[in-house]
1. Nothing charged except the Cβ atoms of Lys and Arg (+1) and of Asp and Glu (-1): what's the magnitude of the dipole of chain B about its Cα centre? Round to the nearest 20 debye.
2. May I ask for the angle, rounded to the nearest 10°, between helix B:60-69 and the longest principal axis of chain B, with both axes built from Cα atoms and the value confined to 0 to 90°?
3. Under the Karplus relation 6.51 cos²θ - 1.76 cosθ + 1.60, θ = phi - 60°, what is the ordered set of whole-Hz ³J(HN,Hα) values for the range B:11-17, x standing for Gly and Pro?
4. Per-residue Cβ counts within 10 Å, from other chains only, averaged over B:10-18: what number is that?
5. Rounded to a whole number of µm²/s, how large is the Stokes-Einstein D of the range A:195-238 at 4 °C and 1.567 mPa s, given Rh as the Kirkwood radius over C-alpha pairs?
6. Largest first and in whole Å, give the semi-axes of the range B:135-179's equivalent ellipsoid, each being the square root of 5 times a Cα gyration tensor eigenvalue.
7. Taking the Cα centre of the protein assembly as shown as origin, work out the dipole magnitude from +1 charges on Lys and Arg Cβ and -1 charges on Asp and Glu Cβ, in debye rounded to 20.
8. By how many degrees, 0 to 90 and rounded to 10, does the Cα axis of helix B:106-141 deviate from the longest principal axis of chain B?
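Please treat every number below as a calculation from the coordinates, not as lab data. Just so it is clear, the structure is predicted and the values come from calculations on it, not from any experiment. Ideal geometry is used to build each Cβ from the backbone, glycine not excepted, and the neighbour counts take in all protein chains shown.
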Amino acid sequence: MATITPNQSFENDSAEQQEYRSLWGDVWRQFRRHKGAVFGMSVLLAIVIIVLIGPFIYTVDPGFLDITATNQGPSLTHPLGTDNLGRDMLAQVMAGGRISLAVGVTAMLISLTLGVSIGIGAGYFHFLDGPLMRLTDLFFALPVLPLLLVITMLFRDVLREAFGPERGIFILIVSVIGATSWMQTARVVRGEVLSVKEQEFVTAATSIGTRPFRIILRHIFPNVLSPVMVAAALGIAAAIITESALSFLGLGFPSDFPTWGRLLFDGKDFIALTPTRVIWPGLAISLTVLSVNFIGDGLRDALDPRLRGK
Amino acid sequence: MARFIIRRVLLAIPTLLFISFIIFAILDLAPNDPTGSLPLTVPPEVREQIRESLGFNDPFGIRYIKWLRQFFIFEPLNALETATGITIGDSANRTRILSWQTRSPVVEIIIERLPQTLWVLGTSFILGILIAVPVGVLSAYKQYSLFDQIGTFVSMVGFSIPTFFLGLLMIIVFSVELGWFPSFYDTTHKVTDWPSFVVQVRQMIMPISVLALFNASSLSRFTRSAVLDNLNLDYVRTARSKGVRENAVLLIHVLRNSLIPVVTLIAIQIPGIFAGAVITEQIFRVNGLGQLLITSIQGADIPTVQTLTFIFAFLIVVFNLVADIVYGILDPRIRYD
């Protein structure tokens with residue numbers, strides 16, 4: 001009786017599917033074994049959820065001034081206390097987190113786009129290699145923090161007039177951080193491209209007449225994805241730290257649109273009175289950066305084929 | 001080796017010129033007026049004279065060349081004169097880079113501020129290396145042991161907590177709550193006897209430990225991975241199999257080879273530490289170079305900002321060069337000439 005009912009064949013299919021292991025499934029399995037990475041992933045998820053959904057549950061206006069309740073410690077009405085103008089700290093930390101995370105992700109995307117395109121350009125096209133790598137060396141020699149401070153000081157007002165107070169400073173900070181942090185990615189990507197482009201499948205693609213742009217998109221880019229993902233994780237952490245450092249020096253976001261760094265800057269003169277004003281935003285920055293760094297470590301291990309499966 | 005060094009030095013010159021141009025151009029493009037901070041009672045003719053005397057009305061190219069000449073020729077000559085006491089050429093008529101805020105030569109202000117910065121930075125840097133290298137070597141040697149796990153975790157935390165938060169946290173705990181250390185660094189304090197030395201040590205502890213922890217955590221991570229790379233190599237197995245004692249294998253064979261990249265990293269990190277000092281000096285109110293940079297940025301004192309930023313860039317280029325040369329000396333395989 002060799003009749004196969006549709007039901008049976010369906011079961012066979014699903015059994016085959018269970019045995020099938022994809023590359024990304026393997027990566028995910030290895031990633032879950034890294035304790036630090038799992039810890040980082042859960043803490044980061046928690047922070048993102050609190051920051052994104054929190055303001056819908058805790059509906060206090062972060063900019064609301066209450067002169068009758070200034071410099072208060074933690075209480076039921078103000079779980080994290082208030083600042084010297086009576087603004088609620090919990091609402092401010094959540095609102096600040098949205099901006100800080102947005103800055104981190106956007107600056108990372110800009111830096112990654114620049115780094116990947118320059119790296120691929122230099123690695124794939126031989127005539128671009130020299131000029132692009134000299135450019136990378138020059139950018140490596142720029143003193144980043146002093147330059148960032150100077151640029152934000154000089155162009156803050158111009159951009160604020162052009163795009164409005166909040167968006168202007170956001171565009172400025174995100175683009176200067178992105179434009180001064182792409183070099184490491186470019187170098188790593190170039191190195192990977194140089195080795196990938198010598199392999200047979202690229203020669204095969206070239207020989208059937210595939211255009212360079214298509215080769216880069218279909219064959220080169222997917223193969224240099226691992227270092228790019230690690231760079232993305234570390235880039236978010238670096239961007240958040242840089243933005244907080246700028247705001248902490250008083251040259252980042254204004255205090256009506258506070259980020260975590262700006263909250264620290266505003267709170268540092270009141271540490272004897274209300275130390276929690278410094279502790280919560282600082283803890284938020286540190287936990288975010290720590291968890292992103294752990295995720296980066298875990299990704300590096302999970303994406304390394306020599307370590308995977310051990 | 002000589003050719004390698006000469007080629008590297010020659011390559012550094014166009015880099016420095018390019019960076020000096022970028023810094024000069026960025027600062028020059030911005031709308032700024034050296035008389036902007038003067039009282040409103042100063043009449044417009046006088047303001048115009050001040051602008052003229054500062055060379056503010058020259059075209060961009062001329063100002064850039066003038067600035068280059070002041071920075072690379074005049075200021076080094078002046079420094080040489082004060083150091084040796086010999087007058088070289090027409091020293092009275094040499095124009096100097098003047099601060100818009102204080103109207104005194106920028107180089108003199110910087111020399112005034114340098115010792116404070118160097119004291120705090122130097123001590124924390126050396127302390128950081130002294131902690132990081134042994135910790136890194138030991139955690140690599142005993143990989144996955146309790147020591148290694150605690151060490152890597154602490155260095156990850158020290159690497160992730162921004163210095164400005166750690167500094168404020170220490171002020172809250174040790175100055176506000178416990179009252180052990182002063183919350184700011186008094187640079188006018190002079191060490192004359194034992195009690196004043198104790199005061200000096202107490203005020204240095206917090207800024208130095210914040211910077212040292214940050215330096216040590218990235219360095220120990222790097223040392224650990226450098227030692228791990230070496231531990232599995234053939235020469236280690238050879239040394240062990242011919243009966244070299246374990247201490248000698250680790251401290252002579254492995255350590256010497258793994259320190260090659262570590263030494264270069266240390267050289268590359270030095271300029272970055274100056275940038276980190278900008279933040280630490282702001283927290284503990286050390287009136288060093290970092291604070292000078294912040295106050296001149298806030299006061300729109302363009303010549304001071306230009307000079308300081310360029311000095312930072314100069315340090316980066318010089319220490320990258322040092323790292324390259326040191327690597328070439330330590331590792332003969334690198335000398336490609």
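1. So the magnitude is around 1200 debye.
2. 60 degrees
3. Using θ = phi - 60°, the values come out as 5, 6, 5, x, 4, 4, 4 Hz.
4. Per-residue shielding by partner chains comes out at 2.
5. This corresponds to a translational diffusion coefficient of 112 µm²/s.
6. 29, 11, 7
7. 1720 debye
8. Helix B:106-141 and the main axis of chain B meet at about 10 degrees.
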